[in-house]
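All remarks here apply to the structure that follows.
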């Protein structure tokens, strides 16, 4: 995946400009920064929900916003997305939530859809919770169920929006471990939006840091090296949890 010279504006307000990055196959790439810097906006551009004011997004060798609608739909079927809230349908069981993309996008018969959905729930440790409703599970389980649904169509690329938000440290660490296990076992590529420092240091191969005041990128690279070596005040403050 590539982002090239991306910019986004809402009215006269510039969120960011000249943002470029490349995500390599098999890596965990984290988009980070303080509140209001444009992390989720950049994610929306990357998954086809928000055309950039400038620049282009390339998925699997294709410019996402210049191809036909049919080609774009095909590209996006190769991408899984977990939204910050989980976005599970409250009236459906976890099994039914995971089955939904299979029902919409495949011709599999119901029995096969159930088998695939059970497999995906098993991958995230929820095999025994398939019949539960979202209201009957914890926040951490809801995040895992949302990842299972994102995996339903076997995408090679997953986008996770604030996966650790609202979770206690132990549950958050378990989710970090799940991400790394899925990357190892399935060869997945992850793009993760987060500001959770512990998770960033635990899972990220590389990161891109946005800053609201700079209206763009202020750092890229291995977050562990940025923590130790960056001379940019805002980067040092973020990684060392210091007041700016």
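The values are calculated or read from the model by the stated rules, or taken from the named source; none is laboratory data. Note that this is a predicted model, so its numbers are computed, not measured. For neighbour counting, all protein chains shown are included, and Cβ atoms are generated from backbone atoms with ideal geometry for every residue, glycine included.
A few points about this structure:
- Criterion applied to 142, 146 was being under 11 Å from residue 97 (Cβ atoms), in contact (Cβ under 8 Å) with a residue 40 or more places away in the chain and within 13 Å of the chain's Cα centre (by Cα), and the one residue passing it is 146.
- Residue count, the range 154-184 (criterion: without any contact (Cβ under 8 Å) to a residue 60 or more places away in the chain and more than 19 Å from residue 141 (Cβ to Cβ)): 2
- Residues within the range 204-243 that are surrounded by fewer than 18 Cβ atoms within 10 Å (Cβ to Cβ), free of Cβ contacts under 8 Å to residues at least 60 places away in the same chain and assigned to a loop (DSSP other than H, G, I, E, B), tallied: 9
- In this structure, residue 80 does not satisfy being out of contact with any helix residue (DSSP H, G or I) (no Cβ under 7 Å at 6 or more places or on another chain) and part of a strand (DSSP E or B).
- Selection status of residue 201, surrounded by 15 or more Cβ atoms within 10 Å (Cβ to Cβ), without any contact (Cβ under 8 Å) to a residue 24 or more places away in the chain and part of a helix (DSSP H, G or I): no
- Of all residues making up the range 149-169, the number that are more than 13 Å from the chain's Cα centre (by Cα), surrounded by fewer than 17 Cβ atoms within 10 Å (Cβ to Cβ) and at pLDDT below 95: 3
- Qualifying positions in the range 100-117 - surrounded by fewer than 18 Cβ atoms within 10 Å (Cβ to Cβ) and either farther than 21 Å from residue 46 by Cα or under 20 Å from the mean Cα position of the chain (by Cα) (or both): 100, 103, 104, 106, 107, 108, 109, 110, 111, 112, 114, 115
- Subset tally (residues that are buried (at least 19 other Cβ atoms within 10 Å of the Cβ), at pLDDT 95 or above and over 13 Å from residue 191 (Cβ atoms)) for the range 18-33: 1
- Qualifying residues in the range 84-99 (those that are modelled with pLDDT under 95 and in contact with a helix residue (DSSP H, G or I) (Cβ under 7 Å, 6 or more places away or on another chain)) - the one surrounded by the fewest Cβ atoms within 10 Å (Cβ to Cβ): 90
- Remark: residue 192 falls outside the filter, which requires a residue to be at pLDDT 95 or above, farther than 30 Å from residue 226 by Cα and either more than 16 Å from the chain's Cα centre (by Cα) or in a strand (DSSP E or B) (or both).
- When every residue of the range 83-93 is checked against the conditions, at least one turns out to be outside any helix (DSSP H, G or I) and touching a strand residue (DSSP E or B) at 6+ places or on another chain (Cβ under 6 Å).
- Taking the range 94-139 as the range and being touching a residue at least 12 places away in the same chain (Cβ under 8 Å) and either touching a strand residue (DSSP E or B) at 6+ places or on another chain (Cβ under 9 Å) or part of a loop (DSSP other than H, G, I, E, B) (or both) as the test, the residues that pass are 101, 106, 124, 125, 126, 130, 131, 132, 133, 137, 138.
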